[in-house]
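Presented below is the structure to which this report refers.
The values are calculated or read from the model by the stated rules, or taken from the named source; none is laboratory data. For clarity, every value in this text was computed on a predicted model and none was experimentally measured. A quick note on method: Cβ atoms are made from the backbone with ideal geometry, for glycine too, and the neighbour counts reach across all protein chains shown. SASA here: full protein model, heavy atoms, side chains in, ligands and nucleic acids out. Shrake-Rupley method; radii C 1.70, N 1.55, O 1.52, S 1.80 Å.
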Amino acid sequence: MQIQEEIKKYSKPPEKTTTGYRQHFNFPSSFPGFDGHFPGNPLLPGVIQTVIGELACAEALKKEFPREHLRLESITRCKFLRPVRPEDEIVLEFSLKPKGIKHIGICSLSVKGETAATYQLIFSPEVK
């Protein structure tokens, strides 16, 4: 099973807020994203933290812009500020901003009210 499907199993549906969206995630110690990172001291890898934002932003973009076919182009301004451990309640808050033909997802992950990560995801139209 792909990691994206595993992530979706441990998420609640996104909710629209006055400034964008909010979505909650909670990964048990059995979540495959913790495998090997690190034995005896499991931490959620940064790549998984960014995939969380990618999946959430892509879903919101499909709803807001159903005729556009977008793909993740790049990740910028990425900072990991706090470890994320099994059973932590992760709150992803994000907003979507158009920039020309692209869209930027501005994401912030927090645990217990502390910022765990921030990053921007740039989505561009798929080239066929």
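Figures for the structure shown
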read-out: Failed criterion for residue 73 (all others in (1) in contact (Cβ under 8 Å) with a residue 60 or more places away in the chain; (2) open to solvent by 30 Å² or more (accessible area, probe 1.4 Å); (3) under 30 Å from residue 127 (Cα atoms); (4) assigned to a strand (DSSP E or B) hold); value: (1)
read-out: The lone exception for residue 62 - which of (1) under 24 Å from residue 126 (Cβ atoms); (2) in contact (Cβ under 8 Å) with a residue 60 or more places away in the chain it fails; value: (2)
read-out: Region 33-69, subset of a type in the set (Gly, Ala, Ser) and not in a helix (DSSP H, G or I), residue surrounded by the most Cβ atoms within 10 Å (Cβ to Cβ); value: 36
read-out: Qualifying positions in region 77-107 - part of a strand (DSSP E or B), out of contact with any Gly (no Cβ under 9 Å at 6 or more places or on another chain) and open to solvent by less than 60 Å² (accessible area, probe 1.4 Å); value: 90, 103, 104
read-out: Residue satisfying all of: in region 1-32; among the β-branched types (Val, Ile, Thr) and either in a helix (DSSP H, G or I) or free of Cβ contacts under 8 Å to residues at least 60 places away in the same chain (or both); least open to solvent (accessible area, probe 1.4 Å) among these; value: 7
read-out: Test: residue 123 is buried (at least 18 other Cβ atoms within 10 Å of the Cβ), under 16 Å from the mean Cα position of the chain (by Cα), more than 20 Å from residue 13 (Cα to Cα) and of a type in the set (Phe, Trp, Tyr); value: yes
